[in-house]
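So the structure is just underneath, and the comments pick up after that.
All of the numbers you see were taken from the coordinates with simple rules; none came from a lab. Keep in mind it's a predicted model, so treat the numbers as computed, not measured. Ideal geometry is used to build each Cβ from the backbone, glycine not excepted, and the neighbour counts take in all protein chains shown.
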Amino acid sequence: MSTTHDVINPATEESVRTIDLVGVEETDEAVARAVEVGPAWRAMAPADRGRLLRRFSEVVDEHLEELALLEVENAGHTIGNARWEAGNVRDVLAYYSAAPERLFGQQIPVAGGIDLTFKEPLGVVSIIVPWNFPMPIAGWGFGPALAAGNTVVLKPAELTPLTAMRLGELALEAGVPEGVFTVLPGRGAVVGERFVTHPDVRKVCFTGSTTVGQGIMRKASDQLKRVTLELGGKSANIVFDDADLDLAAAAAPMSFLDNAGQDCCARTRILVKRTVFDAFMERFEAGIRDVRVGDPRDEGTQMGPLVSAQQRERVRDFVEDSDTRVDVAFRGSSPEGAGYWYPPTVVLPGSTTDRVWQDEIFGPVVGVMPFDDEADAIRMANDTAYGLSGSIWTRDVGRAIRVSRAVEAGNLSVNSHSSVRYSTPFGGYKASGIGRELGPDALDAFTEVKNVFISTDN
């Protein structure tokens with residue numbers, strides 16, 4: 001097995017950098033260092049730990065454009081998206097820099113004394129980051145984990161390690177002690193596997209496929225190791241007949257084309273009230289034709305390439321496989337020549353059991369189907385193994401609340417496709433995962449609650 005990996009620019013298919021991959025021995029050494037420095041990091045005054053995280057946030061901000069340009073080469077993200085992603089890391093660090101001084105326990109009334117609770121760090125936390133959003137998903141893990149007093153070892157995806165590696169360097173530049181936050185580029189079967197089996201790693205945060213997440217959960221159970229799993233999605237975009245069709249149709253393209261559809265929150269199933277289906281599709285087609293697909297360095301580009309040739313073939317198979325070919329309603333355009341391009345594609349599934357309607361494609365492909373009434377829309381939206389995100393378009397506030405409560409998903413937006421804010425919880429129902437990231441609740445995933453009773457009867 002090779003001990004190096006060539007990072008390939010998805011837009012040009014050219015090698016960006018060759019990196020050395022760490023093995024089990026280096027992983028064990030990093031965990032040992034994290035264990036060694038853990039007590040000092042945990043014992044640091046909350047104000048001082050918060051100050052270091054604020055400084056880390058400031059250093060990221062100072063290198064924002066560098067990180068964004070690196071992500072364009074690393075993952076093929078558009079420059080606009082990459083700037084937002086680097087800014088999100090900065091903002092997550094700034095948000096959680098306030099957490100060390102606000103990691104409150106409780107005083108619970110009891111008879112015969114005083115009862116107190118404390119939130120204490122777990123120890124060494126491991127974070128396994130996917131290739132689709134290398135920067136923000138890393139920050140969603142290490143930000144609250146470090147704030148809570150844990151030490152962190154992080155494995156970026158093999159395909160897209162460069163920005164996470166740079167963040168590890170910037171942490172040291174900001175003054176985070178060596179060994180507190182370590183980035184380990186390596187293979188999932190080597191480094192990720194060792195995170196799961198190492199007895200000193202107290203928690204695994206994993207973002208990726210449901211199948212891999214299930215395997216991690218099974219193996220983590222051997223040591224009763226804690227897990228947070230953010231897995232797949234097949235989100236519904238429900239358009240009712242009282243919606244503003246112009247707005248709903250104009251917003252629909254980027255609801256599934258952001259990051260070339262490589263987004264677990266992508267609204268890849270559009271449900272439209274039958275009475276306005278044709279009117280919506282006419283507007284939607286115009287929007288798809290207008291999407292600018294091309295060089296991710298261009299400020300005007302809205303969608304870049306897929307991450308790899310393998311991912312492009314996977315997407316193509318959903319649409320063009322001779323055994324499961326689906327009806328293509330219309331397509332957008334994409335460049336020819338070098339780069340892992342695939343055009344925005346809108347399909348009309350024959351039934352709700354079609355593979356293209358049920359499985360996560362992770363590419364710029366969306367299915368559209370009509371529904372008859374509110375109950376029908378809810379049934380179709382919930383007819384999936386996943387439950388991560390979704391959108392509801394209606395002017396009726398009562399309907400918006402009813403449908404939001406009925407749809408089985410962790411993150412829903414009304415008249416919007418926004419799923420992620422660093423100050424609010426993020427996570428899924430069903431096969432979309434376990435636990436919540438971001439927001440004030442994230443710290444609960446990185447702490448133990450200790451209860452202490454002090455008798456006053458003596």
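Rank by packing, highest mean first: peptides 107-114, 362-369, with packing defined as the count of other Cβ atoms within 10 Å averaged across residues. Numbers along the way, then the final one.
Details: 107-114: 10.1, 362-369: 24.6.
With the highest mean Cβ count within 10 Å placed first, the list reads 362-369, 107-114.
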Check: Whole-Å semi-axes of region 335-458's equivalent ellipsoid, largest first, each the root of 5 times a Cα gyration tensor eigenvalue?
Finding: 38, 22, 14
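Would you kindly state how much longer the chain becomes between Asp246 and Val110 on full extension, computed as 0.36 nm times their sequence separation minus their alpha carbon distance, in nm to one decimal?
Numbers: separation 136, 0.36 × 136 = 48.96 nm, distance 5.89 nm.
Gain on stretching Asp246 to Val110: 43.1 nm.
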Item checked: Positive-end residue, the chain charge dipole about Cα centroid, Cβ charges, pick of Thr394, Ser2, Ile454 -> Ile454
Checklist line | Lys/Arg +1, Asp/Glu -1 at C-beta; region 372-458 dipole; positive extreme among Ala377, Leu438, Ser416 | finding: Ser416
Notebook entry, point to check: Near Lys219, which lysines are there with a Cα under 25 Å away, not counting those fewer than 8 places off in the same chain?
Noted result: Lys155, Lys203, Lys430
Notebook entry, point to check: In degrees, nearest 10, range 0 to 90: what is the angle between the Cα axis of helix 309-320 and the longest Cα principal axis of the chain?
Noted result: 40
Check: If you line up the long axis of helix 245-257 against the longest principal axis of the chain, both from Cα atoms, how many degrees apart are they, to the nearest 10?
Finding: 60
Notebook entry, point to check: How would you classify region 45-142 from its alpha-carbon gyration tensor, with a ≥ b ≥ c the square roots of the eigenvalues: rounded for a/c under 1.5, else prolate if a/b is greater than b/c, otherwise oblate?
Noted result: prolate
Next item on the list: Please compute the net charge surrounding Ala68, taking Lys and Arg as +1 and Asp and Glu as -1 over other residues with Cβ under 9 Å from its Cβ.
Entry: -3
Margin query: Helix 397-406 against the longest principal axis of the chain: what's the angle in degrees, Cα atoms only, rounded to the nearest 10?
Written below: 70
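Assuming a ≥ b ≥ c are the square roots of the Cα gyration tensor eigenvalues, decide whether region 74-232 counts as rounded (a/c under 1.5), prolate (otherwise, with a/b larger than b/c) or oblate.
Details: a/c = 2.02, a/b = 1.37, b/c = 1.47.
Note, shape of region 74-232 comes out oblate.
Placing +1 at every Lys and Arg Cβ and -1 at every Asp and Glu Cβ, with all other atoms neutral, what dipole size does region 179-269 have around its Cα centre, in debye to the nearest 20?
Values: 11 positive and 10 negative charges, 171 e Å.
Using Cβ point charges on Lys, Arg, Asp and Glu, region 179-269 gives about 820 debye.
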Notebook entry, point to check: For the charge dipole of the chain, defined by +1 on Lys and Arg C-beta atoms and -1 on Asp and Glu C-beta atoms about the Cα centroid, which residue among Thr275, Leu64, Ala145 has the Cα displaced farthest towards the positive pole?
Noted result: Ala145
Checklist line | Gyration tensor (alpha-carbon) shape descriptor, region 254-294, a/c threshold 1.5 | finding: oblate
Check: What's log10 of I(q)/I(0) for region 316-370 at q = 0.17, 0.22 Å⁻¹, Debye sum over Cα points only, no solvent?
Finding: -0.53, -0.84
Notebook entry, point to check: Magnitude of the Cβ-charge dipole of region 243-327, K/R +1 and D/E -1, about the Cα centre, nearest 20 debye?
Noted result: 200
Next item on the list: Consider just the alpha-carbon atoms of the chain and return their Rg together with their Dmax, both in angstrom.
Entry: 23.0, 82
Check: Given a cut-off of 18 Å, what percent of all Cα-Cα pairs of region 1-71 lie beyond it?
Finding: 67
Check: For region 282-325, treating each Cα as an identical point scatterer without solvent, what Debye log10 I(q)/I(0) comes out at q = 0.22, 0.24, 0.32 1/Å?
Finding: -0.89, -0.91, -0.95
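With an 8 Å Cα cut-off and a minimum separation of 6 or more residues, compute the relative contact order for the chain in percent. Mind dumping the intermediate values first?
On the way: 1017 pairs, mean separation 82.5, N = 458.
RCO, the chain: 18 percent.
So how strong a dipole does region 1-152 carry about its Cα centre when Lys and Arg Cβ are +1 and Asp and Glu Cβ are -1, to the nearest 20 debye?
Dipole about the Cα centre, nearest 20: 820 debye.
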